[in-house]
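To start, the structure itself, in C-alpha cells.
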Amino acid sequence: MAAAAPGAAVGEAQARFGHSVKGLLSEKVTGCGTDVIALTKQVLKGSRSAELLGQAARNMVLQEDAILHSEDSLRKMSIITTHLQYQQEAIQKNVEQSSNLQDQLRHLLK
C-alpha cells in the first residue's frame, strides 16, 4: 500500500496541474477572444473613418464644381449687365432724340 500512495499522490498532482493548465489556457483563450473583438472593433472604426473621409472628399469635389459653375455664371451675368447698361444708354439717347424731333415737328407745324 505504501507504493500505491506515492503513485496516487503523483496522479493527483498531475490532475491538479492539468486542471490548472486548463484554467490558464481557458483564461488565455478568453483574453485572446476579447483582444480579437477589440481589434475587430478598431478595424471597423478605422474602416468607417476611411469611408467618412472618402464621402467628405466626394462632397468637397461636388462643392468645388458648384463653386466653379457659380463663378462662371457670375461672370456671364456681369457681361449681360454690361450689355444691358449699353442698351439702356442707347434707349435714353433715342428718347432724347425723339423728344428733340417732336419739338422740331411742333415748331415746323406752327
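The values are calculated or read from the model by the stated rules, or taken from the named source; none is laboratory data. Remember, predicted model here, so these are calculated numbers, not experimental data. Remember, those area values only see protein heavy atoms, side chains included, never the ligands or the DNA or RNA. Shrake-Rupley method; radii C 1.70, N 1.55, O 1.52, S 1.80 Å.
Consider L62 against the criteria (1) within 21 Å of the chain's Cα centre (by Cα); (2) open to solvent by less than 90 Å² (accessible area, probe 1.4 Å): it satisfies all of them except one. Which criterion is unmet?
Among (1) within 21 Å of the chain's Cα centre (by Cα); (2) open to solvent by less than 90 Å² (accessible area, probe 1.4 Å), the lone unmet condition for L62 is (2).
Identify all residues within the stretch 65-82 that are open to solvent by 70 Å² or more (accessible area, probe 1.4 Å) and under 25 Å from the mean Cα position of the chain (by Cα); write none if there are none.
Listed by number, the residues that qualify are D65, I67, L68, H69, E71.
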